[in-house]
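See structure below.
Read-outs throughout are calculated quantities, based only on the coordinates presented, and are distinct from any laboratory measurement. None of these values were measured; they are calculated from a predicted model. Ideal geometry is used to build each Cβ from the backbone, glycine not excepted, and the neighbour counts take in all protein chains shown.
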């Protein structure tokens, strides 16, 4: 028998606002983290802590990383994503919970300059390059209206 499989849970909050030509999303340029630095990513995201719900984690991350207040009731579930790096390391086995948010209090601002170089609003149909690959998958699913409740990323295709 093998050891129990473990996954690291994370919460992602995608701030969205109407724009003259459609809709915009707030992204941050990662820097200084050691993971996907110089890639654009959801402006608020992070690990779920012990004894914390995924909803509470999303609210906390928005406060810590953007300086805004979000009510849990304003979090709109987008999808869950089961993903892997395929390297067998427990830290690289993930389950991510993605939320949209259209309502918040305060003005989003860069709160953790040691983890992000800048933040900017981008139209969904004109995303910057590069975007963290699994996050781009979610953004593209929103843009093309092809979101599914559960997505996977990084797994090999089943062999016939």
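Sorted fewest first by neighbouring Cβ atoms within 10 angstrom, 152, 84 come out as 152, 84. Pairwise Cα separations in segment 1-91 fall into 5 Å bins from 0 onward with the following percentages, short to long: 3, 11, 18, 23, 20, 14, 7, 4, 2, 1, 0, 0. So in segment 8-153, what percent of DSSP beta bridges are antiparallel if you round to the nearest 5? Looking only at bridges with both residues in segment 8-153, the antiparallel portion is about 70 percent. Solvent-free Debye calculation, one equal scatterer per alpha-carbon of the chain: log10 I(q)/I(0) at 0.18, 0.21 Å⁻¹ equals -1.18, -1.61.
Angle of helix 54-66 to the longest C-alpha principal axis of the chain, folded into 0 to 90 degrees and rounded to 10: 50°. Segment 92-160 and segment 1-44 have Cα centres spaced 5 Å apart. Highest mobility in the GNM of the chain, judged by mean-square fluctuation with C-alpha springs under 10 Å and restricted to 71, 19, 57, is found for 19.
Going from the residue with the fewest nearby Cβ atoms within 10 Å to the one with the most, 101, 79 rank 79, 101. Each Cα pair under 8 Å and six or more residues apart adds its separation to the average, and for the chain the resulting relative contact order is 31 percent.
Expressed as a fraction of 2.2 N^0.38 Å, the C-alpha radius of gyration for segment 110-149 is 1.37. Rounded to the nearest 500, the helix-only mean residue ellipticity at 222 nm of the chain stands at -4500 deg cm²/dmol, with each DSSP H run of n ≥ 4 adding -39,500 (n - 2.57). Rounded to the nearest 10 degrees, the inclination of helix 133-143 to the longest alpha-carbon principal axis of the chain is 60 degrees.
A crude spin-label estimate for the pair residue 71 and residue 117, with each label 7 Å from Cα along the Cβ direction, gives 3.8 nm. If neighbour count is taken as other Cβ atoms inside 10 Å, put 35, 12 in order from fewest to most. Ascending Cβ contact count within 10 Å gives the list 35, 12. For the chain, a Gaussian network of Cα nodes joined below 10 Å ranks 116, 62, 141 by mean-square fluctuation, and the top entry is 141.
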